[in-house]
Amino acid sequence: MTELSPLQKARLKFKPVLPATLAAGITNLSLIEGNATESVADQEQIQKLFPNTYGKPMVTFEGTASTTTFETKNVGVILSGGQAPGGHNVVAGIYDALKQANPENKLYGFLGGPAGIIDGKYIELTDEIIDAYRNTGGFDIIGSGRTKLETEEQFQSSWENCKKLNITGIVIIGGDDSNTNAAMLAEWFKSKNAGIQVIGCPKTIDGDLKNSQIEISFGFDTATKTYSELVGNIQRDVNSAKKYWHFIKLMGRSATHVGLEVALQTQPNITLISEEVEQKSMSLSQIVDYMADIIVKRSKLGKNFGVALIPEGLIEFVPEMKAMIQNLNDLMPTLEEDPNFTQLTSGVEKEAVIEKRLKAENAAVFRSLPAMIKAQLLMDRDPHGNVQVSKIETEKLLIEMLKIKLYQMKQEGVYTGKFSDQSHFFGYEGRCAFPSNFDSNYCYALGYNAFALIQFGLTGYLSSVRDLTKAPQDWIAGGVPLTMMMNMERRHGQMKPVIQKALVKLDGPVFKKLEANREKWALEDHYVFPGAIQYFGPSEVADITTQTLKLEHEASLSLV
């Protein structure tokens, strides 16, 4: 560990609040089963692929006066995928519950993500290690990784390494892809009667792993507050200098929950929502027209400045680009196995080959892109074989297209203002921030609850803590079958089972709040400056929830 800052020293002393049910103690719980479940789509295919774990009921924990004595149990934990604030508290929650159940229990942390359980790389987590990481950001306690768990060899190796440590339970902390791994591993262990349970925990700052039982993924609260502070700082600068347009790309490849939440917290002039672009079938030129119209209108008001929020994954939601990228995702695995292609050293030569192999309409789109964007599209694929959308500088593409559009409008006498630009990408700045009070409490409860699910013999479940707009002691703890959230999607050119991503609902209360205000925010300056995340002070400052949770909760109550 490096030298501790005063804030870290203070955060180490923060005591997370558990839901009252869990706070009664791991030995004083009873399990209540609900109705059987089915997958959100493709039920027949999912059931066929998961015959041993499909259709399980949702479960809820309640307190009981009777005390249970538990035998010794060893558990392994894996941090998987990108970092999210609060991961260390999930591990701490597992550890505290495990030791409370039986002091002889052991928690092993597999190092470097799922690769750790395959390669047998681990450490035993102790009081000293856990206490040094409570309420801190990052995943550095054991590291993370993006290795997929999907082959027979990987499953077999994982089993052998668990047997060496007498591990009978695994907790995988991750997003939708990581928890798909968890579902696959749980099914395989069950089919082999391995006696090893697998439980997932919902992590992703993108906010796209959620449903009726998973109200929010952990890290979203902290990350959006961190980004909102940064956007607010820029808006204060914009309002002071009054000479720049700032284009800010925000994390969120597959959904725009982050951008939407940050917009509601800061009220910028332009907020692009990927899901809206897709629904309206907007082309890149139409997006540029929309943005240019606001820039021109503000200029006529004497305001040659503003702030625009751009979602990381926007380019994939533009229909013409989405079709082209999907074609690329299907094509590239084949080309990357072709020596005639891989031996090419010139980017221009590779682009020419790709144009010939793409469908005609997709080739035309690819051909029209600036060289910079073509090169970014052809960078190394992500572990799932997809274009790394975060490497595509969409904000700079839009700036260049706006410059051309505004120049044309000047030539036509429509625009007489001055356009000076600044670009930013806020991503890593939010992934490892000190978790907010909300995420500190939520993550600790998720981890504690995950061990409770293991203790009651469940496998193939996602740890669920609900009613999150209430005080932490009033939250409801339980579990959701992982197969309930799954559907079939195309990956590497093949249909595979994956946990369905939750997109922004354009008819939902959160987007409607933006829609009702975006015209006013576009031309008037209603900037909000949230400031730094607050940990100490009045509850209305330190414990405020996200606009997303608040609006969704209010909407659900109105339906009752």
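Consider segment 221-234 and keep the residues that are buried (at least 22 other Cβ atoms within 10 Å of the Cβ) and closer than 18 Å to A522 by Cα. The one that is nearest to the chain's Cα centre (by Cα) is S228.
Checking the stated criteria, E395 turns out to be open to solvent by less than 50 Å² (accessible area, probe 1.4 Å), of a type outside the set (S, T, Y) and closer than 19 Å to A292 by Cα. The condition of being over 30 Å from G219 (Cβ atoms) and crowded, with 17+ Cβ neighbours inside 10 Å holds for I354. Conditions first: (1) assigned to a helix (DSSP H, G or I); (2) open to solvent by less than 10 Å² (accessible area, probe 1.4 Å); (3) closer than 20 Å to A255 by Cβ. A183 passes all but one, so which condition is the exception? With (1) assigned to a helix (DSSP H, G or I); (2) open to solvent by less than 10 Å² (accessible area, probe 1.4 Å); (3) closer than 20 Å to A255 by Cβ applied to A183, the lone miss is (3).
Residues satisfying the criterion are absent from segment 238-251 (criterion: in a helix (DSSP H, G or I) and buried (at least 24 other Cβ atoms within 10 Å of the Cβ)).
The set of residues in segment 297-346 that are in contact with a Phe, Trp or Tyr (Cβ under 7 Å, 6 or more places away or on another chain) and either without any contact (Cβ under 8 Å) to a residue 24 or more places away in the chain or open to solvent by less than 10 Å² (accessible area, probe 1.4 Å) (or both) comprises F305, G306, A308, I310, M324, L335. Check whether at least one residue in segment 492-501 is touching a strand residue (DSSP E or B) at 6+ places or on another chain (Cβ under 6 Å), closer than 26 Å to G34 by Cα and surrounded by 24 or more Cβ atoms within 10 Å (Cβ to Cβ), and report yes or no. Checking segment 492-501: at least one residue is touching a strand residue (DSSP E or B) at 6+ places or on another chain (Cβ under 6 Å), closer than 26 Å to G34 by Cα and surrounded by 24 or more Cβ atoms within 10 Å (Cβ to Cβ). Taking the conditions (1) over 25 Å from Q83 (Cβ atoms); (2) surrounded by fewer than 24 Cβ atoms within 10 Å (Cβ to Cβ) in turn, T271 satisfies each one other than (2). Within segment 435-462, take every residue that is among the aromatic types (F, W, Y) and within 19 Å of D131 (Cβ to Cβ) and give me the one that is most open to solvent (accessible area, probe 1.4 Å). So, considering only residues that are among the aromatic types (F, W, Y) and within 19 Å of D131 (Cβ to Cβ), the one most open to solvent (accessible area, probe 1.4 Å) is Y444. For segment 359-377, a residue qualifies if it is in a loop (DSSP other than H, G, I, E, B), within 22 Å of M401 (Cβ to Cβ) and over 29 Å from the mean Cα position of the chain (by Cα), and exactly one does: P370. Report yes if K359 is of a type outside the set (F, W, Y), open to solvent by 20 Å² or more (accessible area, probe 1.4 Å) and within 22 Å of H246 (Cβ to Cβ), otherwise no. So K359 fails the test.
Can you tell me which residue in segment 504-560 is least open to solvent (accessible area, probe 1.4 Å), limited to those that are at pLDDT below 90 and aromatic (F, W, Y)? Taking the candidates together, the pick is Y535. Highlighted here are the helices (runs of 4 or more DSSP H) found entirely within segment 271-340 that include at least 2 residues which are of a type in the set (A, V, I, L, M): 284-300, 314-317, 319-335.
The values are calculated or read from the model by the stated rules, or taken from the named source; none is laboratory data. Owing to the predicted nature of the structure, the values given are computational and were not obtained by experimental measurement. Counting neighbours? That spans all protein chains shown, and the Cβs are built from the backbone with ideal geometry, glycine included. With ligands, DNA and RNA removed, areas are computed over all heavy atoms of the protein, side chains included. Shrake-Rupley method; radii C 1.70, N 1.55, O 1.52, S 1.80 Å.
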